[in-house]
Amino acid sequence: MILVVNAGSSSIKFKLYKNDTTGPQALVEGLAERITVDGRLTIKDGNGKHEFEDQMDDHLMAVNSILQRFKELNVIENVEDIKGIGFRIVHGSEKIVAPVELTEENKAIIKEAIKLAPLHNPGALTAIEAFQQGIPNAKLVGCFDTSFHQTMPEENFLYSTPYKWYKENGVRKYGFHGISYEFITKKTAQILNKNIDDVNLIICHLGNGASMCCVKNGKSYDTTMGLTPLAGLIMGTRSGDIDPSIIQYMTKELSTDASKITDMLNKESGIMGLSEISSDMRDITDAIRDGNKQAQLALNLYGQRIAEYILKFANHLDGKIDALVFTAGVGENSVTAREYIVNKVKLLNLKFDDQANQAGYEDYLLISAQDSQYPMYKIRTDEELMICHETIKKL
Ligand code: ADP
């Protein structure tokens with residue numbers, strides 16, 4: 001069995017897979033939350049949802065509670081059934097370019113990268129230590145949101161800031177959502193029946209956090225997020241690209257400090273800030289249906305930004321695009337958002353098959369019309385399954 005873990009400073013999201021000759025099958029998934037506060041554990045299996053109020057003073061207590069409840073629910077017989085644990089880790093700096101075994105050396109790199117991902121890497125490290133103690137015989141593997149993008153050329157990852165900032169302080173574009181991009185690249189290559197090294201894609205990962213990736217010859221060539229996940233597209237609550245001087249200007253206007261303004265750019269901007277309704281695309285499209293002008297404005301800006309990046313990436317690929325792919329919560333499910341985006345790509349002749357665009361689907365569907373200049377797909381991403389596969393490879 002393989003356990004896939006996505007941990008924060010007070011939560012552990014997990015999914016347990018059984019791996020046999022037919023490949024990994026998900027058995028249960030769940031969430032331990034309010035760690036260090038009091039503790040709440042939810043586990044979903046074939047019989048429904050089980051909730052427990054287990055005291056969790058730290059991550060180790062959370063791990064032990066998860067394992068104990070797995071035994072009670074007959075999911076595992078003993079802890080040794082779990083042979084591998086795959087961790088989703090946000091930042092691997094420039095040093096980690098592929099999934100790795102979590103040796104002391106690699107844990108030190110994750111620690112070093114805390115300055116680049118102060119909200120994410122510490123929780124992951126704490127969880128790694130806890131699982132190492134709780135399941136001592138399992139192999140621990142780390143999969144990083146940044147590593148897929150380490151193939152970007154310098155001209156795409158450098159900022160026009162002093163070169164010294166890059167060399168001495170690590171200021172560059174790292175990019176995120178790499179686990180999802182790798183999954184989608186592999187899946188699309190399979191769908192198109194092409195060798196992965198031959199696929200050129202424009203992938204729109206549009207969730208609450210959102211980014212895009214230009215995949216050239218199966219590798220990341222450019223992406224929209226930057227030093228942090230605040231850059232690029234307009235997201236649920238994040239601004240995406242803005243004039244950097246806005247920070248200093250608003251610091252003075254609101255008599256506050258830069259970290260407060262950065263916080264507002266992360267949590268009160270984007271679709272939420274523009275629409276003043278919600279960060280959730282479902283609320284926005286409902287409001288548009290009711291004639292709400294501000295919701296329309298928000299989606300117009302959202303679509304416009306994505307369209308601009310589609311054209312930039314099409315230029316990167318010299319027009320040799322195998323597919324434009326929509327994925328994650330909004331990309332997979334929102335017909336309206338996809339329509340707003342594609343309507344704004346004036347320089348390419350992209351056309352939906354309206355029936356397919358609106359149709360329900362399992363894992364993927366071609367949604368472009370036959371006379372569309374490029375094929376378009378909606379594809380469900382599965383970051384946990386990607387991590388599970390990578391973990392199995394390291395056993
Ligand atoms: P994240 O992983 O970044 O939290 P998700 O990929 O789960 O985000 O996407 C969450 C977003 O997806 C929600 O905020 C919502 O706007 C959108 N979403 C989810 N389901 C639908 C749906 N059926 N129709 C339109 N939008 C949806």
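The values are calculated or read from the model by the stated rules, or taken from the named source; none is laboratory data. Only a predicted model underlies this, so the values are computations on that prediction, with no experimental measurement involved. Ideal geometry is used to build each Cβ from the backbone, glycine not excepted, and the neighbour counts take in all protein chains shown.
So here's what we get for this one:
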quantity	calculated
Neighbours by Cβ (under 6 Å, 6+ apart or cross-chain): first from segment 322-335, among the small types (Gly, Ala, Ser); second part of a helix (DSSP H, G or I) and near the ligand (Cβ under 8 Å from one of its atoms)	Ser334/Met281
Hits in segment 253-275 (condition: among the hydroxyl-bearing types (Ser, Thr, Tyr) and surrounded by fewer than 13 Cβ atoms within 10 Å (Cβ to Cβ))	Ser255, Ser259
Yes/no for Gly319 being over 23 Å from Asp283 (Cα atoms) and free of Cβ contacts under 8 Å to residues at least 12 places away in the same chain	yes
Extreme residue, nearest to the ligand (Cβ to nearest atom), among residues of segment 264-283 that are touching a residue at least 40 places away in the same chain (Cβ under 8 Å) and not charged (D, E, K, R)	Met281
Count of segment 171-222 residues which are under 18 Å from Leu311 (Cα atoms) and within 16 Å of the ligand (Cβ to nearest atom)	8
Matching residues in segment 136-178 - criterion: being of a type in the set (Gly, Ala, Ser), surrounded by 15 or more Cβ atoms within 10 Å (Cβ to Cβ) and not in a strand (DSSP E or B)	Ala138, Ser147, Gly170, Gly175, Gly178
Conditions (1) surrounded by 22 or more Cβ atoms within 10 Å (Cβ to Cβ); (2) within 22 Å of the chain's Cα centre (by Cα); number of the one not met by Phe131	(2)
Identity of the residue in segment 123-167, more than 23 Å from Asp222 (Cα to Cα) and touching a Ser or Thr at 6+ places or on another chain (Cβ under 6 Å), that ends up modelled with the lowest pLDDT	Gly123
Residues that are among the aliphatic types (A, V, I, L, M) and surrounded by fewer than 16 Cβ atoms within 10 Å (Cβ to Cβ), drawn from segment 276-298	Leu297
Single match in Thr237, Thr251 (criterion: in contact with a helix residue (DSSP H, G or I) (Cβ under 9 Å, 6 or more places away or on another chain), at pLDDT 95 or above and more than 16 Å from the ligand (Cβ to nearest atom))	Thr251
All positions within segment 309-354 that are more than 16 Å from the ligand (Cβ to nearest atom), under 26 Å from Gly291 (Cβ atoms) and surrounded by fewer than 16 Cβ atoms within 10 Å (Cβ to Cβ)	Asn343, Lys346, Asp354
Total residues in segment 101-130, condition touching a Phe, Trp or Tyr at 6+ places or on another chain (Cβ under 8 Å) and within 19 Å of Leu395 (Cβ to Cβ)	2
In segment 364-395, the residues that are within 15 Å of the ligand (Cβ to nearest atom) and free of Cβ contacts under 8 Å to residues at least 24 places away in the same chain	Leu365
Residue match in segment 223-238 (condition: touching a residue at least 60 places away in the same chain (Cβ under 8 Å), among the polar types (S, T, N, Q) and surrounded by 20 or more Cβ atoms within 10 Å (Cβ to Cβ))	yes
Selected residue (criterion: farthest from Glu182 (Cα to Cα)) from residues of segment 56-110 that are of a type in the set (Gly, Ala, Ser) and in contact (Cβ under 8 Å) with a residue 40 or more places away in the chain	Ala62
Filter pass, Ile284 being farther than 24 Å from Thr381 by Cα, more than 19 Å from the chain's Cα centre (by Cα) and part of a helix (DSSP H, G or I)	no
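Each row is one residue, and each column tells you yes or no for (1) part of a helix (DSSP H, G or I); (2) among the β-branched types (Val, Ile, Thr); (3) more than 21 Å from the chain's Cα centre (by Cα).
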| residue | (1), (2), (3) |
| --- | --- |
| Asp263 | yes, no, no |
| Ile277 | no, yes, yes |
| Ile288 | yes, yes, yes |
| Gln294 | yes, no, yes |
